[in-house]
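The values are calculated or read from the model by the stated rules, or taken from the named source; none is laboratory data. The structure displayed is predicted, hence computed values, not measured ones. Every residue, glycine among them, receives a Cβ derived from its backbone with ideal geometry; neighbour counts consider all protein chains shown. Just the protein is used for accessible areas: all its heavy atoms, side chains included, with ligands, DNA and RNA removed. Shrake-Rupley method; radii C 1.70, N 1.55, O 1.52, S 1.80 Å.
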Amino acid sequence: MRAIAINVGANTNTPGFRGPVYPNGEFEYIPIPESKPTRTQIPTYGDLDLRSAIPDDLRDVSVHLDPEFAEYSCCERYTYGDDHGVKAGPLSTLESGDWLLFYATLSTADAPAPEQPPGWGAYCIGGFRVQSVVSGQEYATVSETERAPFQNNAHVKREEFDARVLVLGDPEDSRLFERAVPLSGSKGTAPNEIVTELSNDSGKGPWWRRPLRFDDGACEELLEIIEDENVE
């Protein structure tokens, strides 16, 4: 069992702000805008059940709702698609039982807790226990039954299907976390021990934009940390 963690969600480049994280670890996941034409109508920021204030000029902007978490607004299952080789390549090596984890940069709301970086930082916000992985080429040839779980995925809804890889999460174990798990240290740009000691990433430069890989032992330790953070 191994894990790959990738960056997702709103940031200061697009749409111009980050989702919030609170001192108790609760947070709000906010997707990025959809950047390509779609073949069907898709949700807008105004359609999402968000507690964060969204600028008026964004409320009618369509969102790229990927990853798809079953418990999130306008979602049905646990799916993720990617059209970028830097992420799609590693994700295509995942197998059933492995983990696809998602992290986002979040802005600290109110006074940060001791383990939280002030201002902003990277946090693990959700994960899929991998059920299946389908390449973009395979998706074009598989049966309708195999395609069905991905029908609500953002890349499938695009006018031109462009995913290089699609990942389906097991509904029993996949989830959007209730509390975000910090990956940053005392400063938003500095990684903590999860990154420097458990992942294979050096932590140099903009590490919060790169896929982070965790081998078998590190994956188990990381899952224990996540579980501890999310126990009431």
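Some notes on this structure:
- Counting only residues at least eight positions apart within a chain, or on another chain, the lysines with an alpha carbon under 23 Å from that of Lys187 are Lys204.
- FRET E, pair Asp83, Lys187, Förster distance 45 Å, beta-carbon r, rounded to 0.05: 0.90
- Extension gain for Glu26-Glu221 works out to 68.0 nm (0.36 nm per residue, less the C-alpha to C-alpha distance).
- Computed from the C-beta positions of Ala111 and Glu71, the FRET efficiency with R₀ = 35 Å rounds to 0.80.
- Histogram of C-alpha separations across the chain, 10 Å bin width, %: 8, 34, 38, 18, 2, 0
- GNM on the chain, alpha-carbon springs under 10 angstrom: the most fluctuating residue among Gln41, Gln116, Gln151 is Gln41.
- Structure-based [θ]222 nm, the chain - -39500 (n - 2.57) summed over DSSP H runs of at least 4, per residue, nearest 500: -3000 deg cm²/dmol
- Of Val134, Val86, Val61, the residue with the greatest mean-square motion in the GNM of the chain, using alpha carbon springs below 10 Å, is Val86.
- Cut-off of 10 Å, at most 16 other beta carbons, DSSP loop: longest stretch of the chain lacking such trypsin sites (Lys or Arg not before Pro): 60-186
- Here the relative contact order of segment 1-101, from alpha carbon pairs under 8 Å that lie six or more residues apart, stands at 29 percent.
- For the pair Ala53 and Asn13 in one chain, pulling the backbone fully straight at 0.36 nm per residue adds 12.6 nm over the alpha carbon distance.
- Most mobile listed residue (Thr141, Thr189, Thr12) in the chain, GNM with C-alpha springs under 10 Å: Thr141
- Taking a straight Cα-Cα cut-off under 22 Å and skipping sequence neighbours fewer than 8 places away in the same chain, the lysines within cross-link reach of Lys36 are Lys87, Lys157.
- About its Cα centre, the chain has a charge dipole of approximately 900 debye under the convention of +1 per Lys or Arg Cβ and -1 per Asp or Glu Cβ, with nothing else charged.
- Leading residue at positive end of dipole, the chain (Cβ point charges), from Trp120, Pro37, His155: Pro37
- For the chain, accessible area per residue (1.4 Å probe, heavy atoms of protein chains only), Å²: 46
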